[in-house]
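Chemist: First, the structure itself, so that you have it in front of you.
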Amino acid sequence: MLLLELDEKIHKPQYQQILEQIREKIEQRLLLPGEKLPSTRRLANSLGIHRSTVANAYQELWALGFVDIRPGSCPRVRERMQIATADNRTEKGLIDWNHTASAASTAIWQTNCNFQSPMGQQENLHMINFSSMDMDCRLFPLETFRSCLNRAIKAQGISILGYGDRAGFFPLREYIAHHLQSHGISVTSDEILITNGLQQGIDLVFRMLAAPGKSVAIESPTYKEIIPLLKFCGLKPIEIPIRADGMDLAILADKLDKEHPSLVYTMPNFQNPTGVSTSQSHRERLLSLCKTHGIPILEDGFEEEMKYFGRVILPIKSMDKQHLVIYCGTFSKVLFPGIRIGWVAAEKECIERLMAIRSFSDLSSSMILQAGVYEFCQHGYYDRHVNKMHRFFRKRMQTVLTALRHHILPEWAEWKEPSGGYLIWLKLKFPVLSEDKLDKLFTSHGIQVEFGDQFFSSETKDTYLRLSISKLNEAEIIEGIQRLGQTLEKLYAETQS
């Protein structure tokens, strides 16, 4: 006989109590596979409840795989595969992923394992982090953006709860097209694709080009995330050295003649990692070179807004009369990164091709966030926030440059002073320890930096450090550079002994 008890004092449906008690008996082997359960009528009568309550419990047990139910017969307990829990799961899985996964995905996984991202890790309050390109959350316009989200939901209603336009929230695309005019870029809303951050835009362009034997000309050093991405897409990176004035165009011209890359990828403003910004004449010559060879340019404008020293130089895209340039921009490096809203501006056919590729892995970006950003921009908050960021980071960049001059001797390292952005690129002028030992030494002095070798596709003999001030205030910058100076002083002394 099946003995069950229903407790009327607890706020749990009766069918749920029946379900849980029978399930527990099955799992404890008090009810064995093949045993019959009472009919719904019989169990309902014994418990003094409606028959449908028992039927609901039996249906749930059947759905969970604990019983078999056949028309005209009582449910029978069945042998159910045990539920996997934290206690009974094996530590090592059955699948050998090195054998199962593709060689390209394994290579990108190994690269990712070697790079320890600060994202999601708890911040060490005593560590000064020059490695992160995350933004200073103390500058986030939280309450203003919250009100803009509320206004967007009220204005747009349920329409922004769907997938929406695959190209992105139309009013935001119109705003971006209008805003780009302030940078000399003439595009329409149909030539804008909203992406989940600028990174997705780059990924889509690479995937559009991906084919065996194709290559992409990149600056060397360059944004470290694109190097494994290129290789994953089967695209060969062609490294073009960065000089004080930007990509070496003489070497690029030679590579265009001999290797015919499918694309030239460049960051003309505050290049990551070097901080170099190119001149107007350099941009003109680069565009002319690519025009002569019929090769598109992917222009990464990740920090386009952050020019706060000297005169503004317009993007390469501003001179693009023949739709040669694919321009990528983002709100992440000025507003805040968590919204993950970037965009691609390009010829309409190119946009349609990128949108088609994107649709197979990501239908669209969040309409709610896009509508919120549109409200933020439309009411002038974005322009005011950019001006605020200029005030803060002009002072912070002046602080880090002054601190470097005070605490880093010329015989230890050299660097160029950027005209904006968040980055300083140091070249050490003496031989150093292995990177692992160097990392431990920096950590022991309470600082984190990015080592330069990961920004090169091939090996480099020199030692570089990339310093980012994107999340540090003046006091943290001064203290961090003092610690950096102490570390380099110790390293330099060891090389002289």
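Every number in this text was worked out from the coordinates using simple rules, so none of it is lab data. For clarity, every value in this text was computed on a predicted model and none was experimentally measured. Ideal geometry is used to build each Cβ from the backbone, glycine not excepted, and the neighbour counts take in all protein chains shown.
Chemist: Taking the convex hull of the Cα atoms, report for region 322-418 its projected area averaged over all directions, in nm².
Modeler: Result: a mean projected hull area of 10.1 nm².
Chemist: Here's another thing I want to ask about it. How large, in Å, is region 141-382 by the Kirkwood hydrodynamic radius built from its alpha-carbon pairs?
Modeler: That comes to 18.4 Å for region 141-382.
Chemist: Under 5 Å between amide hydrogens, which residues at least 5 positions from ALA413 or on another chain qualify, with H placed 1.01 Å from N in the peptide plane?
Modeler: LYS429
Chemist: Okay, next question. How far, in degrees from 0 to 90, does helix 381-407 lean away from the longest principal axis of the Cα atoms of the chain, to the nearest 10?
Modeler: 60 degrees
Chemist: As I understand it, the value is the acute angle between the Cα axis of helix 103-114 and the longest principal axis of the Cα atoms of the chain; what does it come to in degrees, rounded to 10?
Modeler: 80 degrees
Chemist: Between region 226-287 and region 299-319, what is the C-alpha centre distance in whole Å?
Modeler: Here the answer is 16 Å between Cα centres.
Chemist: If amide hydrogens are placed 1.01 Å from N in the peptide plane, which non-local residues have theirs closer than 5 Å to the one on ARG243?
Modeler: ASP248
Chemist: Here is a follow-up. Going through region 55-113, which GluC sites (Glu not before Pro) have at most 12 other Cβ atoms within 10 Å and a DSSP loop state?
Modeler: For GluC sites (Glu not before Pro) across region 55-113 that sit outside H, G, I, E and B with at most 12 neighbouring Cβ atoms in 10 Å, the list reads GLU79, GLU91.
Chemist: So, one more: In whole Å, how far is the Cα centre of region 13-49 from that of region 402-439?
Modeler: Region 13-49 and region 402-439 have Cα centres separated by 72 Å.
Chemist: Kindly give Rg over Rh for region 185-259, based on alpha-carbon atoms, with the Kirkwood expression for the hydrodynamic radius.
Modeler: 1.02
Chemist: Are there any trypsin sites (Lys or Arg not before Pro) in region 317-369 that are in a DSSP loop and have at most 10 other Cβ atoms within 10 Å? List them by number.
Modeler: In loop regions of region 317-369 (DSSP not H, G, I, E or B), the sparsely surrounded trypsin sites (Lys or Arg not before Pro) are LYS321.
Chemist: Hey, another quick one. Computed on alpha carbon atoms, what radius of gyration and Dmax characterise region 14-77, expressed in Å?
Modeler: Radius of gyration, then largest Cα-Cα span, for region 14-77: 10.7, 28 Å.
Chemist: More than 17 angstrom separation, counting every C-alpha pair in region 419-497; what % is that?
Modeler: Cα-Cα pairs in region 419-497 separated by more than 17 Å: 48 percent.
Chemist: Next question, about the same structure. With +1 assigned to the C-beta of every Lys and Arg and -1 to the C-beta of every Asp and Glu, and no other charges, what is the dipole magnitude of the chain about the Cα centre in debye, to the nearest 20?
Modeler: Roughly 1060 debye, rounded to the nearest 20.
Chemist: Which label marks the calculated value of percent of Cα pairs over 31 Å apart, given the options (i) 45; (ii) 41; (iii) 57?
Modeler: From the options (i) 45; (ii) 41; (iii) 57, the structure gives (iii).
Chemist: With θ set to phi - 60°, apply the Karplus curve 6.51 cos²θ - 1.76 cosθ + 1.60 along region 300-314 and write out the HN-Hα couplings as whole Hz, x wherever there is a Gly or Pro.
Modeler: Ordered by residue, 3J(HN,Hα) equals 8, x, 5, 10, 3, 7, 9, 8, 10, 10, x, 8, 6, 10, 6 Hz.
Chemist: I need to check one value: relative contact order of region 141-382, counting alpha carbon pairs closer than 8 Å and at least 6 residues apart, in percent.
Modeler: In percent, rounded to a whole number, it is 31.
Chemist: Amide H of LYS236: which non-local residues (sequence gap of 5 or more, or other chain) have their own amide H closer than 5 Å, using H built in the peptide plane?
Modeler: HN-HN under 5 Å from LYS236: LYS214, SER215, VAL216.
Chemist: Does anyone have the angle between helix 280-293 and the longest principal axis of the chain? Alpha-carbon axes, 0 to 90°, nearest 10?
Modeler: 70 degrees
Chemist: Kindly write out, for region 80-97 in residue order, the coupling ³J(HN,Hα) from the Karplus curve 6.51 cos²θ - 1.76 cosθ + 1.60 (θ = phi - 60°), rounded to whole Hz, with x marking Gly and Pro.
Modeler: Couplings: 9, 4, 4, 5, 6, 10, 4, 7, 9, 6, 6, 5, 9, x, 6, 7, 8, 5 Hz.
Chemist: Please check the chain for the longest run free of chymotrypsin sites (Phe, Trp or Tyr not before Pro) that are loop-located per DSSP (anything but H, G, I, E, B) and have at most 10 other Cβ atoms within 10 Å.
Modeler: In the chain, the maximal stretch lacking such sites is 164-359.
Chemist: Quick one: if you stick a label point 7 Å off each Cα along the C-beta vector at PHE430 and SER182, how many nm between them?
Modeler: The two pseudo-label positions are separated by 4.7 nm.
Chemist: Still on this model: Can you give me the Cα centroid spacing of region 78-92 and region 137-163 in angstrom?
Modeler: 43 Å
Chemist: For LYS214, give me every one of the lysines with a C-alpha distance below 29 angstrom, ignoring sequence neighbours fewer than eight places off in its own chain.
Modeler: LYS224, LYS231, LYS236, LYS255, LYS258, LYS291, LYS317, LYS321, LYS348, LYS461
Chemist: If you don't mind, there's one more thing I want to ask. May I ask which residue of PRO241, ASN150, SER262 lies farthest towards the positive end of the charge dipole of region 141-382, with charges of +1 (Lys, Arg) and -1 (Asp, Glu) on Cβ and the Cα centre as origin?
Modeler: So the residue furthest toward the plus end is ASN150.
Chemist: Continuing with the same structure: Step through the residues of region 240-257 one at a time and calculate ³J(HN,Hα) from phi using the Karplus curve (6.51 cos²θ - 1.76 cosθ + 1.60, θ = phi - 60°), rounding each to whole Hz and writing x for Gly and Pro.
Modeler: 10, x, 8, 9, 4, 9, x, 4, 5, 6, 5, 5, 4, 4, 5, 5, 5, 5
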